[in-house]
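Undergrad: Have a look at this one.
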Amino acid sequence: MLTPIATWRGETVPVFAPTSLPNAIARFREPIHVVRDGPTGPLGVAFGGALGSTHDTGFPVLASLPALYPEWLGDRSFGEAHGVRFPYATGAMANGIATARLVIAVARAGMFGFFGAAGLAPDRVETALVEIESALGKDAPGWGSNLIHAPNEADLEEAVADLYLRRGVARVSASAYMNLTVAIVRYASTGLHTDSAGNVRRRHQVIAKISRPEVAERFLSPAPRPILDALVQRGQLTPQEAELAARVPLAEDITVESDSGGHTDNRPLGALFPRICRLRDELVSKHGYSQPIRVGAAGGLGTPSAVASAFSLGAAYVLTGSINQAAIESGLSERGRRMLAQADIADVVMAPAADMFELGVKLQVLRRGTLFAQRATKLYDLYSAYDSLEAIPVAERSAAEKQIFGASIDEIWAQTQVFWNGRDPRQIERAKREPRHRMALVFRWYLGLSSRWAIDGEPSRQLDYQIWCGPAMGAFNAWTAGSFLSDPGRREAVQIALNLLEGAAVITRAQQLRSYGVPIPPAAFDFRPRPLAASS
């Protein structure tokens, strides 16, 4: 039996009835005392009042907990480093699905938003940056943009990095990296300097999204010397910047991405997160870093319980993705958002990725209401089995034209040439030399446009919609059922975030009290969505 640490007396009556405890737990923004009803009675909770000596008359106090706030669930240094109130970020859903409007909304609410620049031409990205800067202010905190690894379009990756450097974008979400590139190293290293105490300071922050230890190690280590030397030789880094880059990790924020929508290795957070934290600790010790490296969590975060679980693992912050795609501020069409609102946790499937098609990389997409995954997989099977379009049997080719493309392969090739001649003519030159690359470009026509059809809400192509989605979407739908957030038209990104954080705080408080022996009923862990204000 726990030994009392004090006694409690107050004007209110302590709460002992299990049915009343959920309402008491909802008051997590107030200090709370764990009290016993007499020397051997049941445990309950009390608010306010005064604490006295264990020899005084009153209810024995077994524990006292301070107020708890959603802002405090993560690492306080995340908010300090990035100028945000909440340890919460929205992910950079590609092709502009994470719109400037979404970024602006969450940044104004004291959270962090990333613009979904992947897949967009630099001029489209710049237009969005201008919109964000105009709304928030050029140097405003709480926002960044995506820099995605583009193994087939290195020039595009470098062009986007150039844009960020030219416009002074202070933070990027680095995603889908398998190896470090000149673009990400240049962005991270440009502007490194020391303060009066000799500490290395950054002009640009990289928040790296990773799902494998070997990739995490690259971002947690100093930039590779060969890349730094090459950048100095090209005049894109000063010798001083390169020297400082060798003293600090490439990124000070690592987002551990578990079973998510889009590019994913489908790893469970409970297994992956501790592995990356241990690796972080080993590398901090090895390199003797003076600045902390924060580890955040992403993937599968569609309910307050999942968010609370991530924080309990030690996440400095959480980053959500699939559920924001269903928000009204996202760039996905209304038709696509309504399809997401029908998803359950099993209504997802892996499918070939357009940007890494030849490498066999897959991403997670919505299965319910669309045949994209089956059709994209069929195209990859053809690519794997044959050396050219001409080698595909006539029956197979005809079936693909009728059932997948909706046009002849010759027509698709003509459209493909127009696209790549405007984006990267070298792809067409290579395709003329390599028949298999030509086949890949034709098949990527379908994979690329399937996302655009979902964004535009093209009704004739609904069965071909490529909608990136993880099981968190189904969990979110089940959690919001019967609440105001069940309506796709009321799913605002900020309301989604506030409810997840509020619920995570409630669940955290319930678990705290349960760990002290208070008989917490299951209902206390079931926070239901409600309209919330950021100032609450």
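Undergrad: Pop out the ³J(HN,Hα) list for the stretch 286-301 in order, Karplus 6.51 cos²θ - 1.76 cosθ + 1.60 with θ = phi - 60°, rounded to Hz; leave Gly and Pro as x.
TA: Rounded to whole hertz, the list is 4, 9, x, 5, 9, 8, x, 10, 8, 10, x, 10, 8, x, x, 9.
Undergrad: Each label point is 7 Å from the Cα along the Cα-to-Cβ direction; what then is the distance between the points at LEU463 and GLU429, in nm?
TA: For the pair LEU463/GLU429, the computed spacing is 4.1 nm.
Undergrad: ASN421 to ALA385: FRET efficiency via 1/(1 + (r/R0)^6), r the Cβ-Cβ distance, R0 30 Å, to the nearest 0.05?
TA: In this case the efficiency is close to 0.55.
Undergrad: With θ set to phi - 60° and the Karplus curve 6.51 cos²θ - 1.76 cosθ + 1.60, what are the ³J(HN,Hα) couplings of the stretch 201-207 in order, to the nearest whole Hz, using x for Gly and Pro?
TA: These are the phi-based 3J(HN,Hα) values: 10, 10, 8, 10, 9, 9, 10 Hz.
Undergrad: OK, next. Where does each of 207-219, 18-30 land if you order them by average Cβ count within 10 Å, highest first?
TA: My ranking of the peptides, most packed first, is 207-219, 18-30.
Undergrad: Could you tell me the calculated FRET efficiency between ALA533 and THR40, based on Cβ-Cβ distance and R0 = 41 angstrom, to the nearest 0.05?
TA: The pair ALA533/THR40 has a calculated efficiency of 0.40.
Undergrad: Pulled fully out, how much extra length does the chain show between ALA17 and THR3, if you take 0.36 nm times their separation in residues and subtract their Cα-Cα distance?
TA: Taking 0.36 nm per residue and subtracting the Cα distance, the gain is 2.8 nm.
Undergrad: Cut-off under 18 Å on the C-alpha distance; same-chain residues fewer than 8 positions from LYS402 excluded. Which lysines are left, in chain and number order?
TA: Partners found: LYS378.
Undergrad: If you take the beta carbon distance between ARG166 and PHE47 as r and set R0 to 45 Å, what does 1/(1 + (r/R0)^6) give as a FRET efficiency, to the nearest 0.05?
TA: The value I calculate is 0.25.
Undergrad: Could you grab the relative contact order for the chain? Cα pairs under 8 Å, six or more apart, rounded to a whole percent.
TA: Result for the chain is 15 percent.
Undergrad: For GLY300, list long-range residues whose amide hydrogen, built 1.01 Å from N in the peptide plane, is under 5 Å from its own amide hydrogen.
TA: It is GLY261, ALA472, by chain and number.
Undergrad: In terms of modelled amide H atoms, which long-range or inter-chain residues lie less than 5 Å from the amide H of TYR88?
TA: PHE112, VAL318
Undergrad: Quick check on the exposure proxy: order CYS469, CYS277 from fewest to most C-beta atoms within 10 angstrom.
TA: CYS277, CYS469
Undergrad: Beta carbons within 10 angstrom, averaged per residue: use that to sort the peptides 374-385, 281-292, highest first.
TA: Listed from highest to lowest mean packing, they are 374-385, 281-292.
Undergrad: Can you work out the Karplus-derived ³J(HN,Hα) for every residue in the stretch 177-187? Use 6.51 cos²θ - 1.76 cosθ + 1.60 with θ = phi - 60°, whole Hz, and x for glycine or proline.
TA: For the stretch 177-187, the Karplus-derived couplings read 6, 9, 9, 6, 10, 4, 4, 6, 5, 4, 4 Hz, x marking Gly and Pro.
Undergrad: When you count, for each residue, the other Cβ atoms within 10 Å and take the mean per peptide, how do 191-204, 342-355, 123-136, 311-324 rank with the highest first?
TA: 311-324, 342-355, 123-136, 191-204
Read-outs throughout are calculated quantities, based only on the coordinates presented, and are distinct from any laboratory measurement. Keep in mind that this is a model prediction, so the values were computed, not measured. Backbone-built Cβ (ideal geometry, glycine too); neighbour counts: all protein chains shown.
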